[in-house]
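Report on one structure; see the data block that follows.
The values are calculated or read from the model by the stated rules, or taken from the named source; none is laboratory data. This structure is a prediction, so every number in the text was calculated from the model and none was measured. Note: ideal-geometry Cβ built from the backbone for every residue, glycine included; neighbour counts use all protein chains shown. The area values use the complete protein model at the heavy-atom level, side chains included, leaving out ligands, DNA and RNA. Shrake-Rupley method; radii C 1.70, N 1.55, O 1.52, S 1.80 Å.
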Amino acid sequence: IEKSIDIKVKLNDLKDKGIERSLSYLKKVADFDMSKFGGELPYIKNGKLLRNCIVHNGGILKNDNNKKYKQLNEFVSENSNLSGQPGDMVIIHSGFIDELIGKIIEFFEKLDSEIQVVMIRMKKVYE
């Protein structure tokens, strides 16, 4: 987006990291309507927390009052394709990957639609 329109704020100018920085950029700089991204975005963010648990904690769910750990534990307990209790290893059942991929596809379809809306809006501004 920053190459399509003349924007002085670059992605690296924002303090957030990863997904959060990209979403913050789209919202603040390109004025994306993030309300169109329903359940896909929280699901993807929870998928990231799960990934971090696997990579950095050997898949063991932490029993901690930290907001992220509580969020992950809630995600695991509410998802029929995941199981595990704090202090134990998370179990990923066969449907989880398909479900996650489906949510990512839905997110990118909505993202593409919002990009089209923003590009049309920007085109009108620069005409």
Self-check item: Complete set of residues in the range 57-108 that are of a type in the set (D, E, K, R) and under 12 Å from GLY47 (Cβ atoms)
Solution: GLU99, LYS103
Quiz item: In the range 1-25, which residue that is polar (S, T, N, Q) and open to solvent by 60 Å² or more (accessible area, probe 1.4 Å) is modelled with the lowest pLDDT?
Solution: SER4
Quiz item: Where in the range 26-127 are there helices (runs of 4 or more DSSP H), lying wholly inside it, with at least 3 residues that are surrounded by 16 or more Cβ atoms within 10 Å (Cβ to Cβ) and in contact (Cβ under 8 Å) with a residue 60 or more places away in the chain?
Solution: 40-57, 95-126
